1. Among the residues of the range 142-155, is any without any contact (Cβ under 8 Å) to a residue 12 or more places away in the chain, in contact with a helix residue (DSSP H, G or I) (Cβ under 8 Å, 6 or more places away or on another chain) and assigned to a helix (DSSP H, G or I)?
2. Pick from Leu165, Leu133: which is open to solvent by 30 Å² or more (accessible area, probe 1.4 Å), hydrophobic (A, V, I, L, M, F, W, C) and modelled with pLDDT under 95?
3. Scan the range 9-30 and give yes if some residue there is touching a Lys or Arg at 6+ places or on another chain (Cβ under 7 Å), open to solvent by less than 60 Å² (accessible area, probe 1.4 Å) and either under 22 Å from Asp124 (Cβ atoms) or assigned to a helix (DSSP H, G or I) (or both), otherwise no.
4. From the list Asp101, Asp94, exactly one residue is in contact with a helix residue (DSSP H, G or I) (Cβ under 7 Å, 6 or more places away or on another chain), open to solvent by 20 Å² or more (accessible area, probe 1.4 Å) and within 19 Å of Ala193 (Cβ to Cβ). Which is it?
5. Could you grab me the full set of residues in the range 44-85 that are outside any helix (DSSP H, G or I) and open to solvent by less than 10 Å² (accessible area, probe 1.4 Å)?
6. Mind telling me which of the residues Asp141, Asp154 ends up being of a type outside the set (A, V, I, L, M), open to solvent by 50 Å² or more (accessible area, probe 1.4 Å) and within 21 Å of Lys80 (Cα to Cα)?
7. Restricting to the range 118-129, what's the tally of residues that are outside any loop (DSSP other than H, G, I, E, B) and open to solvent by less than 70 Å² (accessible area, probe 1.4 Å)?
8. How many residues are in contact with a Leu (Cβ under 7 Å, 6 or more places away or on another chain) and part of a helix (DSSP H, G or I) when one looks only at the range 32-43?
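The values are calculated or read from the model by the stated rules, or taken from the named source; none is laboratory data. Computed from a prediction, not measured in an experiment: that's the story for all the values here. Every residue, glycine as well, gets a Cβ built from its backbone with ideal geometry; the counts of neighbours run over all protein chains shown. Areas reflect the complete protein model, heavy atoms only, side chains present, ligands, DNA and RNA absent. Shrake-Rupley method; radii C 1.70, N 1.55, O 1.52, S 1.80 Å.
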Amino acid sequence: MSHTPVTKRETAKLERRTELLRAAGELFGRSGFANVSLEDLGKEVGISGPAVYRHFPNKSAVLATLLIDVSIHLLEGGQKVSEGGRPPTETLEDLVAFHADFAFSSPEVIRIQDREWRNLEPADLERVRDLQLRYISLWADQLEKLHPNETASDARFRARSVFGLLNSTPHTVGGTETKVSARKKLLSSLALAALTADA
């Protein structure tokens, strides 16, 4: 099967789009969606505000793409971990490690997820929620295997509670590399304990 070669222009456009999304994560996370203009976003990557429209029709589309992309990243990463065929405790340990890596590398995205939901268009909000529910289900499936006497609702409750713990990074990330590493290790240990403890 042949593939159409990607032109230099297409590559440059994709790279610019990636830069814009990275900048949006930083700006929205730091200043809030309402306080960032497309001009601010363009300036951050060295282009004019109107030039941003070549990549996104409006600011809401930037937010939607940012949150949908990260939700897909989490779901696909979680699926890869879950398909390893390992015992549930080991799979949950790997899921915790995967999510902790994300949380500690992208605290600004977590901050955006927490406070900018209301700015998504209904269809985009539904898409993000669907992806996140599927991600939660990956964890819940392992928890149901590990705790067969608990309900599916109990499993989802455990998973959501652990997400709250791991996603506290916007409030904990900072300091030296050694301190951040220690906090990541502690949060991961606490998360796994919450997942595996008997009710």
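1. yes
2. Leu165
3. Yes, some residue in the range 9-30 is touching a Lys or Arg at 6+ places or on another chain (Cβ under 7 Å), open to solvent by less than 60 Å² (accessible area, probe 1.4 Å) and either under 22 Å from Asp124 (Cβ atoms) or assigned to a helix (DSSP H, G or I) (or both).
4. Criteria check complete, one pass: Asp94.
5. Correct list: Gly49, Phe56.
6. Only one candidate passes the filter, namely Asp141.
7. Residues that pass the stated criteria total 4.
8. Summing the residues that are in contact with a Leu (Cβ under 7 Å, 6 or more places away or on another chain) and part of a helix (DSSP H, G or I) in the range 32-43 gives 3.
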